[in-house]
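Okay, structure first, notes after.
The values are calculated or read from the model by the stated rules, or taken from the named source; none is laboratory data. It should be emphasised that the depicted structure is a prediction, and the values quoted were computed from it without experimental measurement. No Cβ is skipped: glycine too gets one built from the backbone with ideal geometry, and neighbour counts run over all protein chains shown.
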Amino acid sequence: MRSTEISVRKYQFCSKIIFLLTLVSMEGHSITKVVLLACGSFNPITNMHMRMFELARDHLEDTAEQNIDDVDTIKYAKKRRIEENHHDLQLMLLCGADVLESFGIPNMWKQEDIAEIVGRHGLVCISRSNSDPHKFIHQSDLLWKYRKNIHIVREWVTNDISATHVRRSLRRGQSVRYLLPDSVIHYIKEHGLYSSESEQKNADVVLAPLQRYTGASSS
């Protein structure tokens, strides 16, 4: 039996979303716990982001011939704390094809970091019809070396929910129901986020990661 209810309340506006999947072998003799880590702005988190975890879970269950016994969120935002509290976990990066292809952008990733992510931990890539991650993996010697650790999951149902479009709708006072989890909508309304006033207030704010890579700073 598997649980399909996933709580997002604690992770509405953080830069990481972490899910714990408990995989139980068909015979019930062994248990493998897999942590899926998704990184991004999630500004705000949408149903499309949540959908990625559903797709990854189904894929891991189908390809490993295992049943997913439980799904839960982990309260730890840093890998170090995950390892301290869960020594038997397999950590995997969950991302879209754009993140996978960013591995090939000069000076964006260190080769040793890519090897650490893909070689030691593994990766689940959610692919759309307009992307070809298999071709990109074939063209990269490093990714090809660790290709067995990369799981490609095709999203056959078109899902073009854009956080940019969601923010625009929120600024204009339009409904975003069914685009965002209800708990996220409630949080946005409660704290007055993404209004015209709040957007103007933060217009000149440069986030720390962008400052680091571009040298820009907030005025």
Unmet criterion (only one of (1) aliphatic (A, V, I, L, M); (2) part of a helix (DSSP H, G or I); (3) at pLDDT below 95) for LEU91: (2)
Could you say whether any residue in the stretch 184-195 is among the basic types (Lys, Arg) and within 19 Å of ARG57 (Cα to Cα)? no
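Only one residue in GLY104, GLY96 is modelled with pLDDT of 90 or more and surrounded by fewer than 17 Cβ atoms within 10 Å (Cβ to Cβ), so which one is that? Walk me through how you get there before you give the answer.
Details: GLY96 fails: surrounded by fewer than 17 Cβ atoms within 10 Å (Cβ to Cβ).
Checking each option against the conditions leaves just GLY104.
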Consider TYR178 carefully, then state whether it is among the hydroxyl-bearing types (Ser, Thr, Tyr) and under 20 Å from the mean Cα position of the chain (by Cα). yes
Go through the stretch 41-66 and count every residue that is buried (at least 17 other Cβ atoms within 10 Å of the Cβ), over 18 Å from VAL99 (Cα atoms) and among the hydrophobic types (A, V, I, L, M, F, W, C). 1
Looking at the stretch 96-109 only, could you name the residues that are touching a helix residue (DSSP H, G or I) at 6+ places or on another chain (Cβ under 6 Å), part of a helix (DSSP H, G or I) and hydrophobic (A, V, I, L, M, F, W, C)? ALA97, LEU100
